[in-house]
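Any read-out appearing in this document is the output of simple, stated calculations on the displayed coordinates, not a laboratory observation. Since the structure is predicted, the reported quantities are computational estimates derived from the model, not experimental observations. Every residue, glycine among them, receives a Cβ derived from its backbone with ideal geometry; neighbour counts consider all protein chains shown.
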2 protein chains.
Amino acid sequence: MAERSRRRIAGAGRAEILTVARQLFMARGYRAVSTRDIAAAVGMTQPALYHHFSGKEALYVAVLEDELARRSAEMWEVARLEVSPSERLATIAERIATRSRHDLSQMFHDLRTEVSGGTRARIGAGFRDAMLRPMVVILDDMIARGAIGSPEVTGLSVPEMAMFVLGVIRMLTEVESGPARGRQRSPGEVGQITVRLVTLGLAESRTP
Amino acid sequence: MAERSRRRIAGAGRAEILTVARQLFMARGYRAVSTRDIAAAVGMTQPALYHHFSGKEALYVAVLEDELARRSAEMWEVARLEVSPSERLATIAERIATRSRHDLSQMFHDLRTEVSGGTRARIGAGFRDAMLRPMVVILDDMIARGAIGSPEVTGLSVPEMAMFVLGVIRMLTEVESGPARGRQRSPGEVGQITVRLVTLGLAESRTP
DNA sequence: GTCTATACTGAGATAGAC
DNA sequence: GTCTATCTCAGTATAGAC
């Protein structure tokens, strides 16, 4: 079970295709990954994929739904921990940072430009359920504790706050490769800095 | 000078091609725009583009450099206004929000995945000069005034803070189309909320 | 369920006439 | 400087044998 370049991945089937396709799509984006690339990585010929999936977009949808299901499970697990909401926020940021770098940016781009309207709506709804809802639960708890302000004082709805949090995490995990030429941070650091930026922004400190 | 569907844009040349290509590339991304699309929009045939540019990527580079030059001019203009740095920050956010929605996300994605390494390095450097440097000037002023903390207390270098600011603006201008289903905000609102999020995060208020 | 062979398409690029 | 015609390639997808 050592060589897997030419030889087939043991018992390759739908699950193995999904695993391989997920890695490729998340790393390089929908357009940049061909069905031949996927087939080669799995160890089968390109037409063989069509026995398992009706086409490239259908495979992509399956990959996204699989990916969202994994993330959803992880996020709800953290959202339900018996610690303060700020600690849960730090933990969730840490977990997201542990995953490979550009996943979410890649996904948003592909949803916007590469897939059909039906797929976009379907996966958009899945994203809300999988990633936004658990984050909203945490943020609601933070609002209740006074750690952050309500929508009235901040000017953002809670789902928008959740997008803000995801944006902060994205920034922290991408700076190493982006034009700011920042240094790579450990997931733990990402968690700490995320909480700081979300609760304080760049302010000197809470009560100067 | 009314019809421009079939007929040529008056005196079309390099400049007209750049204008049209910029709109298409910024709206739909590099891969999703074909050279035929561009030629058709300008009112010439596809091979005619090759008289003005050596290829698609060369045209894209020219578009990006043109776009960065415009943004740079605008950002330096704001960075030098004789008002407080927070007001300059609000104004810059407002200006960026006025431009069309996905420009920056699109650009980052294309730089990461669609162009050669040489182009990536070249445009990355241009981006630092055009967008990060003026923002860094403003943020330095804010640090000097105590409006925000230094890199030591925030854990972010100033260029990273600049990326954070751009991320906040991006979030505010994209929520309307993203999964959070937020409402469209006026550029003025984007400016106000940006300053708030950058200086306070989601905190209730500065001195509770 | 997987293969070989191949159809079909879109896209980037070149040749050469005008 | 722009056109028509065409090349070449990559990529998705299908047909049909095993």
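Tell me the distances, shortest first, between A:Val153 and the same position across the other copies, using label points 7 Å along Cα→Cβ, in nm to one decimal.
Spelled out, the distances from A:Val153's label point are 2.0 nm.
Normalised by the residues of chain B, what does the relative contact order come to in percent, with Cα pairs under 8 Å and at least six apart?
Once normalised by length, the contact order is 22 percent.
Using the 7 Å Cα-to-Cβ label point, sort the distances from B:Pro47 to its equivalents in the other copies shortest first and give them in nm to one decimal.
3.5
Considering only the label points, 7 Å along Cα→Cβ from Cα, what distances in nm to one decimal separate B:Gly13 from the same position in each other copy, shortest first?
6.6
Using +1 at the C-beta of Lys and Arg and -1 at the C-beta of Asp and Glu, which of A:Trp76, A:Phe25, A:Ala203 has the Cα lying farthest in the positive direction of the dipole of the protein assembly as shown?
Working it through, the farthest residue towards the positive pole turns out to be A:Phe25.
For chain B, what is the mean residue ellipticity at 222 nm derived from helices alone (per DSSP H run of n ≥ 4: -39500 (n - 2.57); sum divided by total residues; nearest 500 deg cm²/dmol)? Display every interim value, and only then the final one.
Values: 11 runs with 135 residues, N = 208.
That comes out to -20500 deg cm²/dmol.
Could I have the simple spin-label model distance between B:Gln184 and A:Val153, label points 7 Å from Cα toward Cβ, reported in nm to one decimal?
Once both label points are built, they end up 3.1 nm from each other.
Using label points projected 7 Å from each Cα along Cα→Cβ, tell me how many nm separate B:Ala73 and A:Thr45, to one decimal.
Result for the modelled spin labels: 5.8 nm.
What is the mean number of Cβ atoms from other protein chains located within 10 Å of the Cβ atom of each residue in peptide B:100-109, rounded to a whole number? Write out the running numbers ahead of the final one.
Values: counts 0, 1, 4, 0, 0, 4, 3, 0, 7, 9.
Mean shielding count: 3.
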